[in-house]
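> The structure follows.
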Amino acid sequence: MSDLVSTPSPDPAAEHAERIEHRWAAVMVAIIVLLVAITTFAALHHAAVPQARVETVDPRTLHLSGEFIEGNLGSALEPDGSVTVRAVGQQYSFTPSCLLVPTDTQVTFRMTSADVVHGFLVAGTNINLMLVPGYISSLRARFDAPGERLMPCHEFCGVGHEGMWARVKIVDKAAFAALAAQQRRLSCVE
Ligand code: CUA
């Protein structure tokens, strides 16, 4: 053993292996430095440039006044032809429990939570928001084809989380317009 350590001319294969190890160590350090730099930049950027538009709402008075009172929930046809869908998540359901939307129309979802953080996701689409009490989550979407999609809560919100889901029913644009002519707010709750 002591013989190996004190060898005056080291094994070239061992030297080569050591060079490669040093190179890999340098690559690892570079990756760590890069990750730390990205994290630092993201944190500073987020602090310096806050979200452009934050809308707040008092979760304690949702049912008493304002945009999210029960009579204003559901889908509304706007004068410009777009549709606004308002809904509230609470332990452990969504109100309304079935959202009605038309095809080929700009749909704006405006949602909030009445208690804890919930998730709003429409299966098979890229619609995915968090519903945070005190804030209005807003998202624009467009649906191409009629059909029905599941809308499960995807943020763990308590013991009833698994059973918290709703549906999104997409109907033909003309059929939606006919319904909207009869009723101010639409949903597909039966
Ligand atoms: Cu609401 Cu999970």
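> Name the residue, out of Ala87, Ala43, Ala123, whose mean-square fluctuation peaks in a Gaussian network model built on the chain with Cα pairs under 10 Å.
Greatest mean-square fluctuation among the candidates belongs to Ala43.
> Whose amide H sits under 5 Å from the amide H of Cys188, counting only residues 5 or more places off or on another chain, with H placed in the peptide plane?
Here Cys98, Leu99, Leu100 satisfy the definition.
> Using the heavy atoms of the protein chains and a 1.4 angstrom probe, tell me the accessible area per residue for the stretch 73-190 in square angstrom.
That works out to 48 Å² for each residue.
> Given a 1.4 Å probe and every protein chain left where it sits, what share in percent of the accessible area of the chain is carbon and sulfur?
Answer for the chain: carbon and sulfur cover 60 percent of the accessible area.
> In a GNM of the chain with a 10 Å cut-off on Cα contacts, which of Met28, Met164, Met130 has the highest mean-square fluctuation?
Top of the fluctuation ranking is Met28.
> While we're looking at this one, here's another question. Working with all protein chains in place, sort Phe156, Phe68 by solvent-accessible area computed with a 1.4 Å probe, largest first.
Sorted descending by solvent-accessible area, the residues read Phe156, Phe68.
> If you look at just the Cα atoms of the chain, how large are its Rg and its Dmax in Å?
Calculated on Cα positions, Rg and Dmax stand at 27.4, 97 Å.
> In addition: Between 0 and 90 degrees, rounded to the nearest ten: what's the tilt of helix 12-48 against the longest Cα principal axis of the chain?
The helix 12-48 is inclined about 30 degrees to the chain.
> With each run of n ≥ 4 DSSP H residues scored as -39500 (n - 2.57), what mean residue ellipticity at 222 nm is computed for the chain after dividing by its residue count and rounding to the nearest 500 deg cm²/dmol?
Mean residue ellipticity, 222 nm, calculated: -9000 deg cm²/dmol.
> With a 4.7 Å Cβ cut-off, tell me which Cys residues in the chain come up empty for a partner.
Among the cysteines of the chain, those whose Cβ sits 4.7 Å or more from every other are Cys153, Cys157.
> Rounded to the nearest 0.05, what FRET efficiency do Thr61 and Thr108 have when you use their Cβ-Cβ distance and R0 = 30 Å?
With R0 = 30 Å, the Cβ-Cβ based efficiency is 0.85.
> Ok, one more. Among DSSP bridges having both ends in the chain, what percentage is antiparallel? Round to the nearest 5.
In the chain, approximately 65 percent of DSSP beta bridges are antiparallel ones.
> Just want the answer: with Cβ charges of +1 for Lys and Arg and -1 for Asp and Glu, which residue in Ser97, Leu34, Ser75 is farthest toward the dipole's positive end in the chain?
It is Ser75.
> Then there is this: Tally Lys/Arg at +1 and Asp/Glu at -1 over every other residue whose Cβ is under 14 Å from the Cβ of Pro12; what's the total?
Within the 14 Å Cβ shell, the charges total -2.
> Once the other residues with Cβ under 13 Å from the Cβ of Ile136 are scored (Lys, Arg +1; Asp, Glu -1), what is the net sum?
0
The values are calculated or read from the model by the stated rules, or taken from the named source; none is laboratory data. This is a predicted model, so every value here is computed, not measured. Using ideal geometry, Cβ is built from the backbone for each residue, glycine included, and neighbour counts are taken over all protein chains shown. In case anyone asks, the SASA skips ligands and DNA or RNA and just uses the protein heavy atoms, side chains included. Shrake-Rupley method; radii C 1.70, N 1.55, O 1.52, S 1.80 Å.
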